[in-house]
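Worksheet: the structure to be examined is printed underneath.
The values are calculated or read from the model by the stated rules, or taken from the named source; none is laboratory data. Just so we're clear, the structure is a prediction, and the values are computed from it rather than from any experiment. Using ideal geometry, Cβ is built from the backbone for each residue, glycine included, and neighbour counts are taken over all protein chains shown.
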Amino acid sequence: MRALAVVRSLPEHSLIDRLVRGRAWIPVLGVLLAGIVAMQVEVLKLGTDVGRWVQRSTTLQSQNESLQAGLASLNDDQRIERLAANMGMVMPAPATIAFVNAKPGADVGAALANIHSPDPTTFAGQLAAEVASAAAASPTPPASTSTASANSGTTTPTTSSTPAGSTAGSTPGTAAVGPPA
């Protein structure tokens, strides 16, 4: 309230009256105008900096979108399945996937006992059996069916059952550990 009273009484103040009527008004106006010009220059500098940061933000956002699109194409399920098929991996049949109940303590030892290096001949035999069963189920066999069957030499299908107390079957990729569905 007091500041408002001071501002209202400013035009009638004798110092302001002498300043406006005398020659001292010219330098005061010059300093005020120089201050206004300096503030405008600073505003222009800030505007340029903001423009640069907006441009950089836009560039980074477009790069981020490009990287996200690349990641989405890398995470494509069909691409992953195709790469896995090129490595010789096959999807297990739905009937071969089983869930087992975990038993704390006992399952750790069984899981460690089941860790072993893979046997390429067993893998090739299982692959040939899977390819042969897939070829028998489909009316037109794919081109890779004949080469996989010819290279493996064995076409006897192998089945695996997982006992209720173990953590994994004897065949890799036929059992999944987790809660029952």
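Would you confirm whether or not the range 125-141 contains a residue that is at pLDDT below 50, under 25 Å from Glu81 (Cβ atoms) and surrounded by 13 or more Cβ atoms within 10 Å (Cβ to Cβ)?
yes
Any residue in the range 48-57 that is modelled with pLDDT under 90 and among the hydroxyl-bearing types (Ser, Thr, Tyr)?
no
Please go through the range 7-49 and give me each residue that is of a type outside the set (Lys, Arg) and not in a helix (DSSP H, G or I), ordered by number.
His13, Gly22, Ala24
Out of Leu67, Leu44, Leu60, Leu15, I need the residue that is surrounded by 10 or more Cβ atoms within 10 Å (Cβ to Cβ) and over 20 Å from the mean Cα position of the chain (by Cα). Which one?
Leu44
Of the residues Ala106, Ala72, Ala93, Ala84, which is more than 29 Å from Thr121 (Cβ to Cβ), among the small types (Gly, Ala, Ser) and at pLDDT 85 or above?
Going through Ala106, Ala72, Ala93, Ala84 in turn, the sole match is Ala72.
I want to confirm something. Restricting to the range 102-121 and keeping residues that are touching a residue at least 12 places away in the same chain (Cβ under 8 Å) and part of a helix (DSSP H, G or I), which single residue is nearest to the chain's Cα centre (by Cα)?
Taking the candidates together, the pick is Ala111.
Output the number of the condition that Ala164 fails; it satisfies all remaining conditions of (1) among the hydrophobic types (A, V, I, L, M, F, W, C); (2) in a loop (DSSP other than H, G, I, E, B); (3) modelled with pLDDT of 60 or more; (4) more than 36 Å from the chain's Cα centre (by Cα).
Unmet for Ala164, out of (1) among the hydrophobic types (A, V, I, L, M, F, W, C); (2) in a loop (DSSP other than H, G, I, E, B); (3) modelled with pLDDT of 60 or more; (4) more than 36 Å from the chain's Cα centre (by Cα): (3).
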